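Take a look at the structure below.
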Amino acid sequence: MRLAGTARRRAAVIGTGAVGSMAAWQLAERGLEVHAFDRWGVPHHRGASGGQSRRFAVISMGDPDLPPLVLRAEQLWRRLEEATGRRLLEQTGGLILGPAGSTSVRKAVTSCENWGLAHRVLDAHDVRQAFPQHAVEDEDIAVHDPATGFLRPEPAILAAIEQATTLGATVRHDTEVLDIDVRSETVGLTYRSGADRPHSETFDAVVVAPGAWAATLLPDGLREAIGVAGLTARRLAQTWFVPDDLSLYGAERFPVFERVAMPDGASIYGFPSLDGATVKIGVKSRPHPEVADPARPDPHLAADHLAEIRDVVGRRLPGLNPRPVQTSVHVESYTADGRPVVGLLPGAAHVAVAVGFSGGGFKYAPAIGEALGDLLADGATEASIRQFAPGRSATV
């Protein structure tokens, strides 16, 4: 808490995507004078947080330590909804489908058991009866849980920024940060708004959360200090399809799903129809390509890539017309080990970083924002983010 008569600490937040917007909210809630910078504005379609929906799931097939963060994020999502009057999180229930003996499916079951998450395991016959939209093999099973669902990314980011500004934060839209100068007790930022000349300003603390732009924005010294030599910007594609029978694809009959360990090496995820016309499906049939300039990703999908998507959707979701009627391209920062880098810069308690979420950070973004707020306001956090510590591994 700030003592009467003392100056408010000035904190900059670089990037107002999923994590930056939540950090701005949390820092403003703690009484800091917050200035949030975004090259494009709030919200925008150029980063990782566009495209109508993002999966929310407490179950983790990759990180056994992640569920507590997601459970805390669920509480914060509900608090943000209450504060802003926006509906952000819909828990429709969810499926994880795959071969019974696959590592991913086993980890999903273990995650439920370790954290006491309500779930049931369905065999192939059960899946065909309950969820006929999916074409499954006899050896497939599904893990069904009631807590999985989807988030609305654009309204969610807007809600966090609305709450931050209600608490006194200033948002600098269309303002590009050009340089970050980490000093012993302060941070100097050089930035430019529109066609204006560059301007420099000093802050007491900073959150660096520029998403895909981290790979190009971070100066070499800062990259080395936090251990992100392997940080890359990658392009993700999302696709929408028209169902033959729309009534089968509402939230009550077609829950959020993820299909893993398919024999062809592809993976697939999807959502119920949110617009009353189409169904959003994500297909990963090849590695996400690297992007040299996140501001200018190729918006087109190559013909052979579209053919792969059509093939996977046609075989696995036969009730959808396999030709997508809409596509969108987004960019995200990835680390070598798939885990983000979150925490204080080693030796600099006034600099917090949150980069490299590798396509999976939206669901727990409020918990990361809360942890960043704790770290900069109090110097410590109870959040379980030790596995994300800057400099944790030379392979990151």
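Please label the shape of the stretch 70-135 as rounded, prolate or oblate, based on the square roots a ≥ b ≥ c of the eigenvalues of the alpha-carbon gyration tensor (a/c under 1.5 means rounded; beyond that, a/b larger than b/c means prolate, else oblate). It comes out oblate by the Cα gyration axes.
The C-alpha atoms of the chain define a longest principal axis, and helix 18-29 lies at about 50 degrees to it. Summed over the residues of the chain and divided among them, the accessible surface reaches 42 Å² per residue at a probe radius of 1.4 Å. For the stretch 1-147, the equivalent ellipsoid derived from the Cα gyration tensor has semi-axes of 40, 17, 14 Å, listed largest first. With the cut-off at 1.5 for a/c, could you classify the stretch 250-306 from its C-alpha gyration tensor as rounded, prolate or oblate? It comes out oblate by the Cα gyration axes.
Figure note: Trp240, Trp213 ranked by solvent-accessible area, largest first, 1.4 Å probe, ligands and nucleic acids not counted: Trp213, Trp240.
Across the stretch 53-60, computed HN-Hα scalar couplings (Karplus, 6.51 cos²θ - 1.76 cosθ + 1.60, θ = phi - 60°) run 8, 9, 6, 10, 8, 7, 4, 10 Hz from first to last residue, x flagging Gly and Pro.
Each helix, a run of at least 4 DSSP H residues, gives -39500 (n - 2.57); summed and divided by the residues of the chain, these come to -8000 deg cm²/dmol at 222 nm. With all protein chains in place and a 1.4 Å probe, the accessible surface of the chain carries 50 percent carbon and sulfur. Computed from Cα positions, the angle between helix 153-166 and the longest principal axis of the chain comes to roughly 30 degrees.
The values are calculated or read from the model by the stated rules, or taken from the named source; none is laboratory data. Note that the structure is predicted; figures quoted are calculated from it, not measured. We work out accessible area using only protein heavy atoms, side chains counted, and drop any ligands, DNA or RNA first. Shrake-Rupley method; radii C 1.70, N 1.55, O 1.52, S 1.80 Å.
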